[in-house]
1. Could you calculate, for chain B, the ratio of the Cα radius of gyration to the Kirkwood radius, expressed as Rg to Rh?
2. Just the projected area, averaged over all directions, of the convex hull on the alpha carbon atoms of region A:41-191: how many nm²?
3. In terms of Cα to Cα distance under 22 Å, which lysines are near enough to A:Lys48, apart from those fewer than 8 places away along the same chain?
4. Would you mind checking region B:60-96 for residues with the amide N under 16 Å from a putative spin-label position 7 Å along Cα→C-beta of B:Asp31?
5. Taking all pairs of distinct Cα atoms, average 1/r, flip it, and tell me the Kirkwood hydrodynamic radius of region A:78-118 in Å to one decimal place.
6. Considering the options A:Ala82, A:Leu146, B:His114, tell which one lies farthest towards the positive end of the dipole of the protein assembly as shown, charges being +1 on Lys and Arg and -1 on Asp and Glu at the Cβ, about the Cα centre.
7. Kirkwood Rh and Cα-based Rg: tell me the resulting Rg over Rh for region A:1-54, rounded to two decimals.
8. Can you tell which of A:Val199, A:Val275, A:Val99 shows the greatest fluctuation in a Gaussian network model of chain A with Cα springs below 10 Å?
Amino acid sequence: MNDPASPFAIEMQAVEKSFGRNQVLRGLTLQVKRGSTFAFLGRNAAGKTTAIRMLLGLLHRDDGAIRVLGLDPAREPLALRARIGYLAEDQTMYGWMRVDEILRFVAPFYPTWDHNLALRYVRDFELPLKSKIKHLSKGQNVRLGLVLALAHRPELVILDDPALGLDPIMRKQFNRDLITHLQGEGRTVFYSSHLLYEVEPVADEVTILHDGRIVRQTETESLRRQVKQFILSRQAWETYRADLQLLDHRAEGDRVAVTVENAAQVEQLLAQEGVEHRTVDLNLDEIFEAYVVGRKV
Amino acid sequence: MFIRIEKGSAVPISRQITQQIGMLCASGQLDAGERLPSVRELARELAVNQNTILRVYERLTSAGLLEMRHGQGTFVTPGAKDELIVVHRERLVDELRQIGRQSVALGLSSDELHDLLTIALEQLSAAASPLAADAPREEPTP
């Protein structure tokens, strides 16, 4: 993990973290390719923010290894944070400052701060330069947080549920900016969210965090191909259950609905064996649900 | 180019875009030789990952609908309309299979289903013929 030419912007290896008796991360392992947009999904309290705070060196791990842009965040947090743009979930800024004041306040922390770029974002996001932060709306607050996270042209941008306070039009606009200013310029984006459908249009890869570990990391497109529901007879279910990588199953009468994560393989097997069945394509909410609340037995 | 994306649908975004560009070529709204927006432009317009758009263009190119000319952009091929049937064949078979399944569930025979398809096609051609459209006006009002 010490190779500076590593293809990964982020590597987490078997990371553990507990707060008192509450174990939040249980062997979290993931890799984020440089230049990719990586969606980090989980329900509220799944451990997303804990993992993000570790990437920034704001929290220390109990065990495991972390490498961000070739550095260990626990050892070199400041050098690292100068190269990262971070938008916190509940970004709190000094309410008494004006927008133009906070831009000048934050700029000296970053050697690569581009003030013209900051002003352009302020204009694009229609933020009032002379207003006090405490008078901004929730949406404007998120947008100001984004300006502060992006104006130093970071290599890696970490967004903790950025769409949370935005209306649908602003979300789309936000995704557009992400595509133009971040993907278009080859930056790595680590995008945490609890809404799969919100990140699907922009993400190269999707990871689902559940119960302190990764339950799936895959390309966005293959997630849909591989996770499907099959309606089978109870007899067929008993016969082939060993071949199913099961996420969820529900029985009703003599039919069983199974959601699997090896759909292509199962489809082929059922066709080959001539098993009568019905295949159901799932939408992203259903896929997410199968992973986080699915009943396997 | 009007493309609509339904978020959260069971149809993957790349397939939604592929199908709609195909439809635009079929209906002549995208003519042979016409230039499509660049990957970057369309990605921004639709708020969709550039790699997704690139994959769509590549897929349509290998299907013979589009042509990516280096340094010039992406264009609709002269033979795009003919190629479309190939592209949509799979989807049509898919939809017909669903209809077939429903018919079997309802206890219809294969002949009965064929009859229904014939009726549906007749209704379509009747609706499309100019005579049918004029028919109500031909009736003299008492």
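1. Numbers: Rg = 20.0 Å, Rh = 18.1 Å.
Rg/Rh: 1.11.
2. The orientation-averaged projected area of the Cα hull of region A:41-191 comes to 9.2 nm².
3. A:Lys17, A:Lys33, A:Lys138
4. Those under the cut-off are B:75-81.
5. Working: mean 1/r = 0.0863 Å⁻¹.
By the Kirkwood definition, the hydrodynamic radius is 11.6 Å.
6. The residue sitting farthest along the positive end of the dipole is A:Ala82.
7. For region A:1-54, the value is 1.01.
8. Ranking A:Val199, A:Val275, A:Val99 by mean-square fluctuation puts A:Val275 first.
Here, each number is a calculation from the coordinates, and none is a lab measurement. Small disclaimer: the values here were computed from a predicted structure and weren't measured. Note: ideal-geometry Cβ built from the backbone for every residue, glycine included; neighbour counts use all protein chains shown.
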